[in-house]
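The values are calculated or read from the model by the stated rules, or taken from the named source; none is laboratory data. On a predicted model such as this, the values are computed, not experimentally measured, just so you know. A quick note on method: Cβ atoms are made from the backbone with ideal geometry, for glycine too, and the neighbour counts reach across all protein chains shown. What goes into the accessible areas is simple: the full protein's heavy atoms, side chains included, and nothing from ligands, DNA or RNA. Shrake-Rupley method; radii C 1.70, N 1.55, O 1.52, S 1.80 Å.
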Amino acid sequence: MKPAPFTHDCPGTLAEAAKGLDADNAKVIAGGQSLGPMLNLRLARPSTLVGLAHLDELRSIRLDGDTLIIGAGVTHARIEDGDSDVPLPSMLRHVARNIAYRAVRNKGTVGGSIAHADPAADWTTAMTALDAVLVITAGRGKARREPMAGFMQGAYRTKLQPGEIITGVELSAAMGEAHWAYEKICRKVGEFADAIGAVVIHPGRKYARVVVGATEGAPILLDDLARTIAGTAKRPAPEAIDAALAAQLPGADRVKRQLLKTALVRAIEKVIP
Ligand SMILES: Cc1cc2nc3c(=O)[nH]c(=O)nc-3n(C[C@H](O)[C@H](O)[C@H](O)COP(=O)(O)OP(=O)(O)OC[C@H]3O[C@@H](n4cnc5c(N)ncnc54)[C@H](O)[C@@H]3O)c2cc1C
């Protein structure tokens, strides 16, 4: 199928992009790797597409003090390649390398993936595990900041308001020293996840996060398991993992729960051998 007709703006500045979104039924397009198929299937019918690809402001990767700021328009491929003047946490490079295929990674962006909020996507889970904060603007006034944890409200639902653009993702640079594991279960390389288990521990900062993703909704933080790991430096008992997943996902079918458990057990075993 072909998309319904639309006009396509290619603004040169973020302010112009934000203004372009004032048009009725306008939508931004970044890499087009998720939006393109939706247009073709006519699941999305914007009258105007506002392209973000030419905005240098969204493409930088930089350090501001202790904060690593990754522009929303940075592609998965650039993260995979470590293509930046500042060092990128190895977890980010690992996650990027396992998203789709290189052709998709060349175009798809971090901001587009997070805004799209596919439950099986990788960045939403990874950025939740790393305690990332999203920088969001509507073009006027000050940018607002929204923690990644809680930003995604369900499948394809986020806290983004109409007219808002994610401009970047902020991470503590200290996450580069954290112990981490990211286990993605999928049928074959290059596919979306059936289950994701992510663990990030920074003993010096007393930071521990345990997250499961590809849950059919938003990524889920398992705080009790994280506290157990932080407090004991031991692997939680399998029953505790079962109980944590059952409490968070009472309606999930047994196969999904088993996949999530397997991903999580593998991740925990990597961080606590
Ligand atoms: C074959 C295939 C396999 C894939 N496999 C995986 C996978 O294994 N893991 C994975 O995580 N992803 C996967 N993807 C998705 C891919 O990572 C996309 O790149 C990503 O989901 C969308 O990013 P994009 O930059 O292309 O966004 P677009 O498609 O351009 O936009 C997606 C949505 O986000 C909005 N948007 C884009 N940028 C912004 C912004 N800065 N602020 C606000 N809203 C914005 C758009 O309006 C649109 O609604 C796959 C895609 C394909 C085609």
Taking N as its residue count, the alpha carbon Rg of the chain over 2.2 N^0.38 Å: 1.01
Of LEU249, PHE6, THR232, farthest towards positive along the dipole that unit charges on Lys, Arg, Asp, Glu beta carbons give the chain: LEU249
Listed residues TYR156, TYR182, TYR207 arranged by accessible area, highest first, probe 1.4 Å: TYR156, TYR207, TYR182
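Quick one: accessible area per residue over the range 134-273, 1.4 Å probe, rounded to a whole number of Å²? Spell out each step's value before the answer.
Values: 7200 Å² over 140 residues.
With all protein chains present, the range 134-273 gives 51 Å² per residue.
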Partner lysines for LYS107 [C-alpha distance under 16 Å; skip if fewer than 8 residues away on the same chain]: none
Share of carbon and sulfur in the accessible heavy-atom surface of the chain [1.4 Å probe, %]: 51 percent
Residue-normalised accessible area of the range 22-75, expressed per residue, 1.4 Å probe, Å²: 50 Å²
Alpha carbon centroid spacing (whole Å) that separates the range 57-83 from the range 172-227: 20 Å
Where labels lie 7 Å past Cα in the beta-carbon direction, separation of TYR156 and ARG102 in nm: 3.2 nm
Most mobile listed residue (GLY111, GLY12, GLY51) in the chain, GNM with C-alpha springs under 10 Å: GLY12
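Relative contact order for the chain: what percent, with Cα pairs under 8 Å and sequence separation of 6 or more? Write down the numbers at each step before the final one.
Details: 571 pairs, mean separation 42.2, N = 273.
Relative contact order of the chain: 15 percent.
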16 Å tail of the calculated P(r), the range 164-249, as % of Cα pairs: 61 percent
